[in-house]
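Structure, as structure tokens:
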Amino acid sequence: MKNNFDNIDEMIELIQDELPECEYDENFNCNECSELEECYYKASTKSAHEFAESINNGGYNSEEEFWENLD
């Protein structure tokens, strides 16, 4: 399955930064990976969680509340 994203290089960079141990291909051959969307989702979710945590959820009581109130 070939991917059809506009910004594949940025997706791959985020995956490599956030998922140091790829469960699909330890060589990070993401361009050929049929699970690119799943890996990107996992990496993006991890990155968002780390961001919210780093700013103490923006003063909100939970991460969910922070994201809900983000403009």
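Here are the numbers:
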| quantity | calculated |
| --- | --- |
| From Tyr40, Tyr60, residue being aromatic (Phe, Trp, Tyr) and closer than 16 Å to Ile8 by Cα | Tyr40 |
| Listing of helices (runs of 4 or more DSSP H) fully contained in the chain that carry 2 or more residues being open to solvent by 90 Å² or more (accessible area, probe 1.4 Å) and at pLDDT 90 or above | 36-54, 63-68 |
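The values are calculated or read from the model by the stated rules, or taken from the named source; none is laboratory data. Please read these numbers as outputs of a predicted model, since none were measured by experiment. When the accessible area is computed, the model is the full protein with side chains, heavy atoms only, and any ligands, DNA or RNA have been set aside. Shrake-Rupley method; radii C 1.70, N 1.55, O 1.52, S 1.80 Å.
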